[in-house]
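Chemist: Please see the structure below; I have some questions.
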Amino acid sequence: MSRPPAEAHRLSLSHEEALRYSRHLILPQVGAEGQERLKSARVLLVGVGGLGSPAALYLAAAGVGTLGLVDADQVDASNLQRQVVHGSAAVGRAKVDSAADRIRDLNPHVRVERFPERLTSGNALDVLRRFDVVVDGSDNFPTRYLVNDACVLLGKPNVYGAIFRFDGQASVFDARRGPCYRCLFAEPPPPDLVPSCAEAGVLGVLPGVIGTLQATEAIKLILGVGEPLIGRLLLFDALKLEFRELALAKDPECPVCGAHPTVTTLIDYEAFCGVPAASTQAEISVGELAAERAQGRTLVVVDVREPYEIAMAALPDAVHIPLRQLPARLRELDPHAPLVTLCHHGQRSLRAREILVAAGFVNVRSVAGGIDAWSREIDAGVPRY
């Protein structure tokens, strides 16, 4: 990114700001002009969880003038192992509110704009167009494709990061200068093939490494210094403490940024990624499940989680069939019995329901919110994880 004219970014620094950013001001690549450019910049963080936490903290400390925070979730105790922008006192609060308070305490010169909502095809363009750089800290494929396509359509750089167990990756997707996310991942994986961090686990310090790299790339883009990760995918293996780099090429046939794009507006990304839509007919709440069990109704609970998850928390009378084994073990279930599928948070159980219905099972519902909701709302004696 070439440096814009200094006049377009000239803002005066107060004495307090000059002291705060003194270590920046003595860097030839930053100086007063660069610090003023940071002060005038607007950066949007999609998600203030594992990746968004360190990114937000370091962007705020660096003096980025405006940070936008997009997140619809509340702080949960299970977040605190890695989402370092939040503290124990914030459990139950909206993540954007908790993060905003921490940012203001860290640097009162930073303006925070909060978006306590899920980013969707309906609001993404309106939200993203207000910012110079987008830092994608999302944890699901529909949002990653949505952020990518919106950034391509708006001509915004997308600072990408992803984590899984002990592995992380980062890149900068800017279709004006190189490939976009779709050039690398033309098609999303099947929704039941790649578990979420809640299902697979993640090393607590890993998002700190990747999120800090994302903050670094965003600052470089704002300053117009160094070589951003455009056309490069950085891979990190925490177990080996090893970084590797892959060269990325722009796909001339890319449906979004290619020579003849076919995606010219935002689409239904849940459908594109094969994420089953929630349905009131398909789901049963934990309260309804508890009521039906209390009434003595015969229900077969089919728990489709992995064995290591069952060992941590389980309903004693459930049938345990991991989702990956379900198609081969259908004969173990009565196709006419009332079945209730169960997982950790409700996504895998919806997929299990689809498999069972397609196989001819006539009465199948999925537990909304999974065993985590059962623990929170029905039986606190079932451990959460």
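Chemist: Let me have the relative contact order for the chain, percent, based on Cα pairs under 8 Å that are six or more residues apart.
Modeler: Computed value for the chain: 13 percent relative contact order.
Chemist: Express as a percent, rounded to the nearest 5, the fraction of DSSP beta bridges in the chain (both residues included) that run antiparallel.
Modeler: The antiparallel fraction comes to roughly 40 percent.
Chemist: Hey, can you grab everything whose amide H is under 5 Å from the amide H of Gly68? Only 5+ residues off in sequence or another chain; H modelled, so Pro and N-termini drop out.
Modeler: Val43, Leu44, Leu45, Glu113
Chemist: Could I ask something else about it? Using the alpha-carbon atoms, what tilt in degrees (0 to 90, nearest 10) does helix 31-40 show relative to the longest principal axis of the chain?
Modeler: Compared with the principal axis, the helix lies near 40 degrees.
Chemist: Next question, about the same structure. Determine the shape class of the range 233-385: with a ≥ b ≥ c the square roots of the Cα gyration tensor eigenvalues, call it rounded for a/c under 1.5, and otherwise prolate if a/b is greater than b/c, oblate otherwise.
Modeler: Verdict is prolate for the range 233-385.
Chemist: Skip the ligands, DNA and RNA, and give the accessible area per residue of the chain with a 1.4 Å probe, whole Å². Write out the running numbers ahead of the final one.
Modeler: Details: 17510 Å² over 385 residues.
Each residue of the chain exposes 45 Å² on average to a 1.4 Å probe.
Chemist: By how many degrees, between 0 and 90 and to the nearest 10, does the Cα long axis of helix 52-62 differ from the longest principal axis of the chain?
Modeler: Rounded to the nearest ten degrees, it is 10.
Chemist: Can you pull the percent of the range 270-375's accessible area that's carbon plus sulfur, 1.4 Å probe, other chains left in place?
Modeler: Its accessible area is 55 percent carbon and sulfur atoms.
Chemist: Would you work out what percent of the accessible area of the range 98-210, with all protein chains in place, is carbon or sulfur (probe 1.4 Å)?
Modeler: Details: 2300 of 4480 Å².
For the range 98-210, the apolar C and S fraction of the accessible surface comes to 51 percent.
Chemist: So, one more: Place a +1 charge on the Cβ of each Lys and Arg in the range 1-129 and a -1 charge on the Cβ of each Asp and Glu, then give the dipole magnitude about the Cα centre in debye, rounded to the nearest 20.
Modeler: About 200 debye.
Chemist: If packing is taken as the average number of other Cβ atoms within 10 Å across a peptide's residues, how do 69-79, 247-257, 327-337, 146-156 rank, most packed first?
Modeler: Values: 69-79: 19.1, 247-257: 15.6, 327-337: 12.1, 146-156: 22.5.
Listed from highest to lowest mean packing, they are 146-156, 69-79, 247-257, 327-337.
Chemist: Here's another thing I want to ask about it. How would you classify the range 129-233 from its alpha-carbon gyration tensor, with a ≥ b ≥ c the square roots of the eigenvalues: rounded for a/c under 1.5, else prolate if a/b is greater than b/c, otherwise oblate?
Modeler: Taking the square roots of the gyration eigenvalues as a ≥ b ≥ c, the range 129-233 is oblate.
Chemist: Something else about it: If you average the sequence gap of Cα pairs under 8 Å that are 6 or more apart and divide by the length of the range 51-189, what percent do you get for the contact order?
Modeler: Relative contact order of the range 51-189: 20 percent.
Chemist: Please give the Cα centre distance for the range 18-36 versus the range 282-305, rounded to the nearest Å.
Modeler: 60 Å
Chemist: Would you calculate a helix-derived [θ] at 222 nm for the chain, using -39,500 (n - 2.57) for each DSSP H run of n ≥ 4 and dividing by the full residue count, to the nearest 500?
Modeler: That calculation yields -9000 deg cm²/dmol at 222 nm.
Chemist: Go through the range 74-82 residue by residue and turn each phi into a ³J(HN,Hα) via Karplus (6.51, -1.76, 1.60, θ = phi - 60°); whole Hz please, and just put x for glycine and proline.
Modeler: 9, 6, 10, 4, 6, 6, 5, 5, 9
Chemist: Can you grab the distance from the C-alpha centre of the range 56-75 to the C-alpha centre of the range 342-385, Å, no decimals?
Modeler: The range 56-75 and the range 342-385 have Cα centres spaced 34 Å from each other.
Chemist: In sequence order, what are the phi-derived ³J(HN,Hα) couplings for the range 252-269 according to the Karplus relation 6.51 cos²θ - 1.76 cosθ + 1.60 with θ = phi - 60°, rounded to whole Hz, with x for glycine and proline?
Modeler: Result, rounded to whole Hz: x, 9, 4, x, 10, 10, x, 5, 10, x, 9, 9, 10, 8, 6, 10, 7, 7.
Chemist: Would you be so kind as to identify which of Ser12, Gly201, Pro157 lies farthest towards the positive end of the dipole of the chain, taking Lys and Arg as +1 and Asp and Glu as -1 on Cβ and the Cα centre as origin?
Modeler: Farthest along the dipole direction, towards plus: Ser12.
The values are calculated or read from the model by the stated rules, or taken from the named source; none is laboratory data. Worth saying up front: this structure is predicted, and the values here are computed from it rather than measured. Note that each Cβ is placed from the backbone with ideal geometry, even for glycine, and that neighbours are counted across all protein chains shown. The protein model used for the area step is the full one, side chains on, heavy atoms only, and it has no ligands, DNA or RNA in it. Shrake-Rupley method; radii C 1.70, N 1.55, O 1.52, S 1.80 Å.
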